[in-house]
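Accompanying notes for the structure given below.
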Amino acid sequence: MKNKLAVFLFAALALVVLPFMAQYAGNFWVRMLDFALLYVLLSLGLNIVVGYAGLLDLGYVAFYAVGAYIFGLLASPQLADAFPGIAAMFPKGIHLSVWLVIPLGAAVAGLAGMLLGAPTLKLRGDYLAIVTLGFGEIIRVFVNNLDRPVNITNGPKGIQQIDSARLFSIDFGRPGELFGFDISSVTKYYYLLLGLVIVSVLICYRLERSRVGRAWMAIREDEIAAKAMGINTRNLKLLAFGMGATFGGVSGVMFATFQNFVSPESFSLQESVMIVAMVVLGGIGHIPGVVLGAMLLAALPEALRWVAGELDLQRLTDGRLDAAILRQLLIALAMIAIMLARPRGLWPSPEHGKAAASPTNNKN
């Protein structure tokens, strides 16, 4: 017990100090940590759908886009520019606080998740993956073309001038000072995202050990047997889609306030596949594994980008080697190697349901 407490305290201290150490090396590294925490939020939400309920969702990025565009519209001049009636009431646009939009984004994304889940209740495996993939692409194409006849989303140009997060007198979009230490805006966002990740982990932990979580796992292992035991698989599947989507909506709101800009390019199919890869690589259904997989896959591309920039590979190879393609190749090779060596993920969940060892009869 004392060892666990010591490890917990050391990990907490490391998480608090980490952004200050990274800040001295440059804000690039703190920004990388921020995006890693953002992907942890997304992976925890997808883990509810894929890891707990066993429903393969390749369109999860759609809920990410829903949350981001809701905050973009409600915290920027975009709606005032598009609608004269809104401009008459709010000349500079609607600028709602991020703390009001977070529950709204979670609710709208959760509703979208249940709308997605309703027509797919009888689908499994590849067919479910194709339908959810199509839903994700529909949302991306929708926001990409919703700039005419009325310019609501500003199309491929995206929404700009989105407000930063504020908490009392703290503006997370501006650098500050604490006890004589300079704190950059990305460092402030690090602590905000870290707090949301901790809350999300606690929620997922309680869900996993609840009756609902155990019912999800029963559906994942054998849906027919779960239905025979009296579990309402229809409602629980819808609940899984809705609960997972709420995490995506909150992540989208945080992405919009962190970037101060959203565009359809940020919600491509590649993003959705990457989030699924984070869950699978870390360990499906295991919270520590999902967090580990998200941190690795979010940080590795940015670290390789920095290495390629420092080495200036294109100059060294006279343009014959594209750093971006090499980075993707190295990531793919690393993922293949890990999955061959650890097919259940880097940190898989303990195996449940094993038969107890049969007692041996000692013959005298």
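The values are calculated or read from the model by the stated rules, or taken from the named source; none is laboratory data. None of these values were measured; they are calculated from a predicted model. Positions of Cβ are generated from backbone atoms using ideal geometry, with glycine treated the same way; all protein chains shown enter the neighbour counts. With ligands, DNA and RNA removed, areas are computed over all heavy atoms of the protein, side chains included. Shrake-Rupley method; radii C 1.70, N 1.55, O 1.52, S 1.80 Å.
Quick notes on this structure:
- If you filter the range 69-78 down to residues that are in contact (Cβ under 8 Å) with a residue 60 or more places away in the chain and farther than 18 Å from Gly244 by Cβ, you find that the one that is surrounded by the most Cβ atoms within 10 Å (Cβ to Cβ) is Gly72.
- Residues located in the range 95-132, provided they are closer than 21 Å to Met243 by Cβ and outside any helix (DSSP H, G or I): Leu121, Lys122, Leu123, Arg124
- Every residue from the range 157-185 that is among the β-branched types (Val, Ile, Thr), closer than 25 Å to Pro103 by Cβ and crowded, with 16+ Cβ neighbours inside 10 Å: Ile159, Ile162
- The single condition among (1) among the aromatic types (Phe, Trp, Tyr); (2) over 20 Å from Phe258 (Cα atoms); (3) surrounded by 16 or more Cβ atoms within 10 Å (Cβ to Cβ) that Tyr189 does not meet is (2).
- Annotation: Ala53 fulfils all but one of (1) modelled with pLDDT under 90; (2) open to solvent by less than 10 Å² (accessible area, probe 1.4 Å); (3) of a type in the set (Gly, Ala, Ser); the unmet one is (1).
Residue by residue, here is whether (1) under 26 Å from Leu292 (Cα atoms); (2) touching a residue at least 12 places away in the same chain (Cβ under 8 Å); (3) touching a Gly at 6+ places or on another chain (Cβ under 8 Å) holds:
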residue: Gly173; (1), (2), (3): no, yes, no
residue: Leu178; (1), (2), (3): no, no, no
residue: Ile224; (1), (2), (3): no, no, no
residue: Gly230; (1), (2), (3): no, no, no
residue: Ala240; (1), (2), (3): yes, yes, yes
residue: Gly244; (1), (2), (3): yes, yes, yes
residue: Gly248; (1), (2), (3): yes, yes, yes
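- Residues that are in contact (Cβ under 8 Å) with a residue 60 or more places away in the chain, open to solvent by 40 Å² or more (accessible area, probe 1.4 Å) and assigned to a loop (DSSP other than H, G, I, E, B) within the range 145-156 comprise Val150, Asn151, Ile152, listed in sequence order.
- Output for the range 213-248, where each listed residue is among the basic types (Lys, Arg), open to solvent by 50 Å² or more (accessible area, probe 1.4 Å) and within 20 Å of Gly110 (Cα to Cα): Arg234
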